[in-house]
Amino acid sequence: MYSITVNGKVETSEENKSLMDFLREDLGLVGTKDGCASGSCGACSVLVNGRVSNACIFNLQKVDGKEVLTIEGLNQRQQDVYAYAFAETGAVQCGFCIPGMVLAAQGLINKKPDPSDAEIRKAIRGNICRCTGYVKIIDAIRLAAQLFREEAVIPQQLSSAKLGVDFHRVDAIEKTLGTGLYVDDIVVEGMVHASAVRSPYPRAKLLAVDKTAALAHEDCLAVITADQVPGNNKIGHLEFISDWDVLIHVNDITRYVGDSVALVVSKNKDSLTEIKDLVKVSYEELAAITTIEAALADDAPKIHEKGNILASEHLVRGEADKMLADSAFVVTEHYSVPINEHAFMEPECAIAMPEGEDGLLLYTAGQSIYDEQREVARMLGVEKDQIHVQGKLVGGGFGGKEDMSVQHHAALAAWIVKAPVKVLLSRQESLMVHPKRHGMEMDFTTGCDAEGNLTAMKAVIYSDTGAYASLGGPVLQRACTHAAGAYKYQDIDIAGYAVHTNNPPAGAFRGFGVCQSAFAIENNLNLLAEKVGISDWEIRYKNAVEPGDALPNGQIVSSNAALKKCLEAVKESYDSAKIAGISCFFKNSGIGVGLPDVGRCIVSVESGKVHVRTSAACIGQGMATVTTQIACETLNLPPELIIAEAPDTKRTPNSGTTTASRQSLFTGEATRRAAMQLRYELDMGRTLAAMEGEEFYGEYSAKTDPMNSNKKNPVSHAGYGYAAEVVILADDGKIERIVAAYDMGQVVNPKAAEGQIEGGIVMGMGYALTEKFAMEDGYVKAKYATLGLLRAVDVPPIEIVLVKADNVHEGLAYGIKGVGELATIPTAPAISGAYYALDKQLRSTLPMVDTFYQKKKR
């Protein structure tokens, strides 16, 4: 018998289980989050006898007789202070890490009531945040300490919640105090558990699956194989490319180590591994294709029937060869960037259960409930309206939760066993299974005249798109459409190829292919500037597009663009630094390139309040807060009258996927249009009470042109955001400071915008310097602890400047642009530029070697 005092109450257990499991499953204290189960992320931080500890690495024997404090055990004053401090400073995004951060903060403040920033950073160094870049979290802990120390009355938030003013995120309190529910926090009566048996080989022929021993286990409810899938056994995020097996058929060939060959359903989560081990699977191991070169070889086996090239693009404008031949200076370089892991804080989880006579209800944490509805319905061979999907809190996504990971398996198991089924990936499974950022090999040639005016560029891009299509085609398109940069020259020749390998699939990841091509073109600009004899800032300012100019893809720059203002905003920091690098870039808002792209919203009046109903998933960016503030702006109503509903296929219209930095613009504009109809009625003298039950529908659809349109000035995307960043190094090569100016149009919520940019910059810093996704011959060797994720002690001071164009309100959704992806793109090239300024050595691969952060192997 183990006895532990939890939040002041004595709790006992006969079983020596993990403290985290005891808290979450036995006591229902789900504010303690399961992020990695290996002591690496800090999401499960609690206080054990007043000391900050990871609940996942303690068993009950180790804490027997001790006192444990969880987020639920904070007294009312503590809860009120932290809820206010984290909301006020904008410290909450996806929120999954925040309860752990709060406990780490409380452990510090108990000992040091007036902590310095350095002490705060040290106190939370065991807690990973993938969203915020830690800056706002440090601000929040500092504010909380002050409120405790001064015994201050918590200020009342007074905000109109209109555009451009700070407003507490609508989900900040529940995320801070751990009361908001992520899917793994939910328990449904009669719920059972399922998990996939996965291929141990990157490429192998599946010879047989023997279920006999597994089915004999007392907890086993089912062992599901491909022949039991009632509908289509192929899924795929893009409707026109479904190539990813739900379960591999016998006699078919696996394509990566994440492939599922069987799905085990157990009454008990703890016996899943034991039952999976009883499933006897026979394989014929085959040689894996793990490089682009091997996949393109003439004798390479076909990973998919149509071959190993998923997609190719060739974007041509003008006469690049002629212009390069006539250029005063030309630079040609090869750049190599690796596969990269999202490392979102919340591992993938879904719960599916029977609903009605012939339907399913699915709880999900993905990036589009309608995509999931479509794919699940197709897999089960049923009508889409039989699949009811509800979106819960999402603990980070960054593109990594666009594809199906667990949703289809939960739905399939629930459909077959006729019971609620939860599927939860372990962190190691997550690392193996979900699509990554594309590794790319890139050859870039860029030319300019004697004064540094850009003349032309050519590029060839090969992306490792891994085992399945995912979004490999669109990612390649975006790498190509942005490869020339946001500069005013028109002669380009860009070829791109997305190549299948037996590596994990690659798909959407913050930046969507542009992080890769931006790294190449921006480094080439630095080399050209050196040849011309001008500064890196000057070559960018000289060539940066202004309103009315044409981008290299031909699109006319809108009047609400402010790239040159961004460069002007960082000029003093660049000029005054001894060692600095600079980058400026752009990123589209919206899917663009002629593809359908629609935002939708229903505004309804219910019980005297205005309900804003969209299916736009919040993956940390604060979508419900965005639509709330747009509604307040449009309706001139206070925020307490606005309710932003969670995604639900029975309540909220299809607002499209949270991708392509599109939701604030597309669903924001749809929200404005729906709210304008209600505003008209209010202006006519009608009251909310008189409109009880009425609904108003808004929709916005972008009209864009396909790649290689024959128009002189095609519209590639609905809009673009722009940014410039300066990275300043100390003499030893450590980053001393980062200054970033961003044109994101009309800022919805300044603190939230700053926080999103800070988080993107830190993610870009990790991509540039420290992050590695270790693989060997198609086998995933990466562990969460060894990914190289930056911690609070690693992050330099970051200064954010929010720049506005003269015509900021020109455009849709009050001039709002997306910034989620743009936030990460300029950072790696700015860092590379800074190191080139330090020692004149071009670092053309990521993560960079021979830096303060990663020494060169001798």
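The table for this structure:
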{"read-out": "Within segment 94-125, tally of residues that are outside any loop (DSSP other than H, G, I, E, B) and touching a residue at least 60 places away in the same chain (Cβ under 8 Å)", "value": "11"}
{"read-out": "From ALA569, ALA508, residue being among the hydrophobic types (A, V, I, L, M, F, W, C), modelled with pLDDT of 95 or more and either on the phi > 0 side of the Ramachandran plot or touching an Asp or Glu at 6+ places or on another chain (Cβ under 8 Å) (or both)", "value": "ALA508"}
{"read-out": "Residues within segment 406-417 that are out of contact with any helix residue (DSSP H, G or I) (no Cβ under 6 Å at 6 or more places or on another chain) and either of a type in the set (Gly, Ala, Ser) or over 22 Å from ARG130 (Cα atoms) (or both), tallied", "value": "7"}
{"read-out": "In segment 357-393, the residues that are touching a Gly at 6+ places or on another chain (Cβ under 9 Å), in a strand (DSSP E or B) and not hydrophobic (A, V, I, L, M, F, W, C)", "value": "TYR363, THR364, HIS388, GLY391"}
{"read-out": "Criterion (within 32 Å of the chain's Cα centre (by Cα) and basic (Lys, Arg)) met by exactly one of ARG149, ARG125", "value": "ARG125"}
{"read-out": "Condition broken by LYS422, with the remaining ones in (1) buried (at least 24 other Cβ atoms within 10 Å of the Cβ); (2) within 29 Å of ILE521 (Cα to Cα); (3) among the charged types (D, E, K, R) satisfied", "value": "(2)"}
{"read-out": "Residue in segment 156-178 that is touching a residue at least 12 places away in the same chain (Cβ under 8 Å) and closer than 23 Å to TYR784 by Cβ present", "value": "yes"}
{"read-out": "Evaluation of ASP34 against (1) within 21 Å of ARG125 (Cα to Cα); (2) surrounded by fewer than 21 Cβ atoms within 10 Å (Cβ to Cβ); (3) among the acidic types (Asp, Glu) (one fails), failing number", "value": "(2)"}
{"read-out": "Single residue of segment 763-800 satisfying the filter (part of a strand (DSSP E or B) and in contact with an Asp or Glu (Cβ under 8 Å, 6 or more places away or on another chain)) that is farthest from ASN749 (Cα to Cα)", "value": "ILE798"}
{"read-out": "Segment 759-793, residues that are under 29 Å from THR634 (Cβ atoms) and among the acidic types (Asp, Glu)", "value": "none"}
{"read-out": "Which listed residue is over 30 Å from LEU238 (Cα atoms) and crowded, with 24+ Cβ neighbours inside 10 Å, from GLY581, GLY590", "value": "GLY581"}
{"read-out": "Test for CYS44: is it in contact with a strand residue (DSSP E or B) (Cβ under 6 Å, 6 or more places away or on another chain) and either under 22 Å from LEU181 (Cβ atoms) or not assigned by TED's automatic domain parsing to the domain that holds LYS17 (or both)", "value": "yes"}
{"read-out": "Lone qualifier among GLU522, GLU568, GLU538, GLU530 - being crowded, with 24+ Cβ neighbours inside 10 Å, acidic (Asp, Glu) and assigned to a helix (DSSP H, G or I)", "value": "GLU522"}
{"read-out": "Close pairs (7 angstrom Cβ cut-off, 6 or more residues apart or separate chains): at pLDDT 95 or above and aromatic (Phe, Trp, Tyr) in segment 232-245, surrounded by 19 or more Cβ atoms within 10 Å (Cβ to Cβ) and not in a strand (DSSP E or B) anywhere", "value": "TRP244/GLY236; TRP244/TYR468"}
{"read-out": "Answer residue from segment 321-349, given it is aliphatic (A, V, I, L, M) and not in a strand (DSSP E or B) and is surrounded by the fewest Cβ atoms within 10 Å (Cβ to Cβ) among those", "value": "ALA325"}
{"read-out": "Meets criteria (more than 18 Å from ILE369 (Cβ to Cβ) and touching a residue at least 60 places away in the same chain (Cβ under 8 Å)) for PRO639", "value": "yes"}
{"read-out": "Residues that are touching a residue at least 12 places away in the same chain (Cβ under 8 Å), hydrophobic (A, V, I, L, M, F, W, C) and surrounded by fewer than 17 Cβ atoms within 10 Å (Cβ to Cβ), drawn from segment 686-706", "value": "ALA689"}
{"read-out": "Qualifying residue in segment 599-612 (condition: in contact with a Gly (Cβ under 9 Å, 6 or more places away or on another chain), crowded, with 24+ Cβ neighbours inside 10 Å and among the hydroxyl-bearing types (Ser, Thr, Tyr))", "value": "no"}
{"read-out": "Candidates VAL603, VAL557, VAL545, filtered to the one that is touching a helix residue (DSSP H, G or I) at 6+ places or on another chain (Cβ under 7 Å), under 30 Å from ALA675 (Cβ atoms) and of a type in the set (Val, Ile, Thr)", "value": "VAL603"}
{"read-out": "Enumerated helices (runs of 4 or more DSSP H) restricted to segment 166-285, each holding at least 1 residues that are within 30 Å of ASN749 (Cα to Cα) and not assigned by TED's automatic domain parsing to the domain that holds GLU383", "value": "172-176"}
{"read-out": "Qualifying residue in segment 416-439 (condition: part of a helix (DSSP H, G or I), of a type outside the set (D, E, K, R), under 19 Å from GLY356 (Cα atoms) and outside the structural domain of ALA644 (by TED's automatic domain parsing))", "value": "yes"}
{"read-out": "Answer from VAL803, VAL808, VAL819 - the residue that is within 12 Å of MET744 (Cβ to Cβ) and in contact with an Asp or Glu (Cβ under 6 Å, 6 or more places away or on another chain)", "value": "VAL803"}
{"read-out": "Test: residue in segment 37-51 that is within 22 Å of ALA624 (Cβ to Cβ) and charged (D, E, K, R)", "value": "no"}
{"read-out": "Top-ranked residue of segment 721-750 - restricted to ones that are among the β-branched types (Val, Ile, Thr) and part of a loop (DSSP other than H, G, I, E, B), ranked as surrounded by the most Cβ atoms within 10 Å (Cβ to Cβ)", "value": "VAL748"}
{"read-out": "Selection from segment 654-682 of residues that are polar (S, T, N, Q) and surrounded by fewer than 24 Cβ atoms within 10 Å (Cβ to Cβ)", "value": "ASN654, GLN677"}
{"read-out": "Top-ranked residue of segment 818-852 - restricted to ones that are over 18 Å from GLY485 (Cα atoms) and charged (D, E, K, R), ranked as surrounded by the fewest Cβ atoms within 10 Å (Cβ to Cβ)", "value": "LYS840"}
{"read-out": "Hey, ALA91 assigned to a loop (DSSP other than H, G, I, E, B) and closer than 20 Å to ASP21 by Cα or not", "value": "no"}
{"read-out": "Which numbered condition ASN553 misses (of (1) in a strand (DSSP E or B); (2) buried (at least 24 other Cβ atoms within 10 Å of the Cβ); (3) out of contact with any Asp or Glu (no Cβ under 6 Å at 6 or more places or on another chain))", "value": "(1)"}
{"read-out": "Qualifying residue in segment 812-824 (condition: touching a Lys or Arg at 6+ places or on another chain (Cβ under 7 Å), among the polar types (S, T, N, Q) and either part of a loop (DSSP other than H, G, I, E, B) or at pLDDT below 95 (or both))", "value": "yes"}
{"read-out": "All positions within segment 71-96 that are of a type in the set (A, V, I, L, M, F, W, C) and closer than 11 Å to THR176 by Cβ", "value": "ILE71, LEU74, VAL81, ALA83, ALA85, PHE86, ALA87, ALA91, VAL92"}
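The values are calculated or read from the model by the stated rules, or taken from the named source; none is laboratory data. Remember, predicted model here, so these are calculated numbers, not experimental data. Please note: Cβ atoms are built from the backbone with ideal geometry, for glycine as well, and neighbour counts cover all protein chains shown.
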